[in-house]
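Contents: one structure, followed by commentary.
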Amino acid sequence: MPVLEINNLTKRYGKITALNNLSLTIEAGHVYGILGPNGSGKTTTLGIILGVLAQDDGSFSWFGDKYGANPRKEIGAILETPNFYPYLNAAENLDIVRVIKGLPPQNYDEILKIVNLYERRKSKFRTYSLGMKQRLAIGATLIGSPQVVIFDEPTNGLDPEGIAEVRTILQNVASSGKTVLMASHILDEVEKVCSHVAIIKNGNLLATGTVGSILSSDMTVEVMSTDAEKLRNVLQESSFVKKIYDHKDFLECAVDQSLDTATLSQHLHDKGVILTHLVSRKKRLEEEFLEITQTK
Ligand SMILES: Nc1ncnc2c1ncn2[C@@H]1O[C@H](COP(=O)(O)OP(=O)(O)OP(=O)(O)O)[C@@H](O)[C@H]1O
Ligand SMILES: [Mg+2]
C-alpha cells in the first residue's frame, strides 16, 4: 500500500493552472523529490496533500485511507518556517509545536541531536542563525515520530555549509526509515538526497522514477578515429548505438546503458576502426532536467 497516492490533481488560480492532472505514487521508505523550477506547482502540491489548499479536481489518499480523514498524526510537515518564539529556546519552541499537535509531553534531546542543535538548546531562538532556525524547523517535523516528513525547499537561503549540514540531516532522517517528501528547485539537492524524483514544470509531470533510472537512462560515448567516415559507418550499423550526434572533433553516440567501453572498443577494432578518442559518460540528471524543462 503506497504511503501517498495522488490522482489527477488539478488546481487553478483564476486563469493560471498551477497543477494540471498531476499523479504520483509514493511508497514507504522513498525519499521522494518533487523537482521543478520556480512556479512549477511544488508548494501548491504540498499544500493540497496537507489539506491547507483545496484542489479543483482529482484526489489523493494517505496510507490507503487507513487513518481515515485524519492521517495528520503520521505526517510531519512545515510548509513555511514556523512562527517560533524569539525569546524561547529550542526545546521550549518545540514544546509549543508539540502542544499544538496535541501530543503528550516528551524529551527533545534526541531530536535536538539529530538536527545539530543540542549544544545550543538553551540559547534563545532570536540568537539563532538562519541555518539553525531551519534546522529547528526540521526538528519540529520529527515531533511525535511521524512516518512521513515533508519539506518545502529545506535549504532555501542557506550558505554552502548550511546546505551541506541540512542535507546530511535529511539523509539521516531518511535512513532512519521515514518516508521523506521534499520539494526543491535544486537539482543537485534532489540528486544527493533523494531516491525517487518527479520532475514538474508548469504544473505538468514531465518525468518520474528512481533518481538512478533517470540519471542513467542513457549513456553517451564520445569517439573519434583517424578515419571518421569509416567510424561513422560502423557505428551506424551497430545495434547498440541508438543515435549519433556530430561534433567538431568527435562523434557522440547514445548507447545502451549496459554497454561497456571495452566491448565497444573491441567491436570497432574488429571492424578495422582504431579509436583515437573514447570517453563514456552517464547522462546526468542535470542534462535530463534541462532538456525536459526546456523542450516542453
Ligand atoms: N495564492 C495564489 N494566487 C494566485 N496564483 C498563485 C497562488 N499561489 C500560487 N500561484 C501560482 O501557481 C503557480 C505554482 O505556484 P507554486 O508556489 O506552487 O510553485 P512552486 O513550484 O512552489 O514555486 P517556487 O519554486 O517559486 O516555490 C505559479 O504560477 C504561482 O504564481
Ligand atoms: Mg514553492
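The values are calculated or read from the model by the stated rules, or taken from the named source; none is laboratory data. Quick caveat: nothing in here was measured; it's all calculated off a predicted structure. Neighbour counts run over all protein chains shown; Cβ positions are idealised from the backbone, glycine included. The area values use the complete protein model at the heavy-atom level, side chains included, leaving out ligands, DNA and RNA. Shrake-Rupley method; radii C 1.70, N 1.55, O 1.52, S 1.80 Å.
Structural remarks
- Filter result for the condition that a residue is outside any loop (DSSP other than H, G, I, E, B), touching a Ser or Thr at 6+ places or on another chain (Cβ under 9 Å) and among the small types (Gly, Ala, Ser), over 29, 47, 64, 76: 76
- Among (1) away from ligand 2 (no atom under 16 Å from the Cβ); (2) among the β-branched types (Val, Ile, Thr); (3) open to solvent by 10 Å² or more (accessible area, probe 1.4 Å); (4) within 26 Å of the chain's Cα centre (by Cα), the one test that residue 173 misses: (3)
- Index of the failed condition, residue 10 passing every other in (1) open to solvent by less than 60 Å² (accessible area, probe 1.4 Å); (2) farther than 19 Å from residue 152 by Cα; (3) away from ligand 1 (no atom under 13 Å from the Cβ): (3)
- Only one of 111, 96 that is more than 16 Å from ligand 1 (Cβ to nearest atom) and buried (at least 18 other Cβ atoms within 10 Å of the Cβ): 111
- Near pairs, Cβ below 6 angstrom, 6+ apart or cross-chain, from the stretch 18-42 (charged (D, E, K, R)) to any residue that is within 16 Å of ligand 2 (Cβ to nearest atom): 42/34; 42/36; 42/183
- Among the residues making up the stretch 41-63, those that are more than 16 Å from ligand 2 (Cβ to nearest atom) and open to solvent by less than 50 Å² (accessible area, probe 1.4 Å) are 58, 61, 62, 63.
- The single condition among (1) farther than 27 Å from residue 10 by Cβ; (2) of a type in the set (Lys, Arg); (3) surrounded by fewer than 19 Cβ atoms within 10 Å (Cβ to Cβ) that residue 66 does not meet is (1).
- Hits in the stretch 220-242 (condition: touching an Asp or Glu at 6+ places or on another chain (Cβ under 9 Å) and either in a strand (DSSP E or B) or closer than 16 Å to residue 282 by Cα (or both)): 220, 221, 222, 223, 224, 240, 241, 242
- Test: residue 129 is within 24 Å of residue 72 (Cβ to Cβ) and away from ligand 2 (no atom under 16 Å from the Cβ): no
- Close pairs from the stretch 94-106: first within 16 Å of residue 117 (Cβ to Cβ) and assigned by TED's automatic domain parsing to the domain that holds residue 136, partner open to solvent by 90 Å² or more (accessible area, probe 1.4 Å) and charged (D, E, K, R), Cβ under 9 Å, at least 6 apart: none
- Test set (1) more than 12 Å from ligand 1 (Cβ to nearest atom); (2) surrounded by 13 or more Cβ atoms within 10 Å (Cβ to Cβ) - residue 37 fails condition number: (1)
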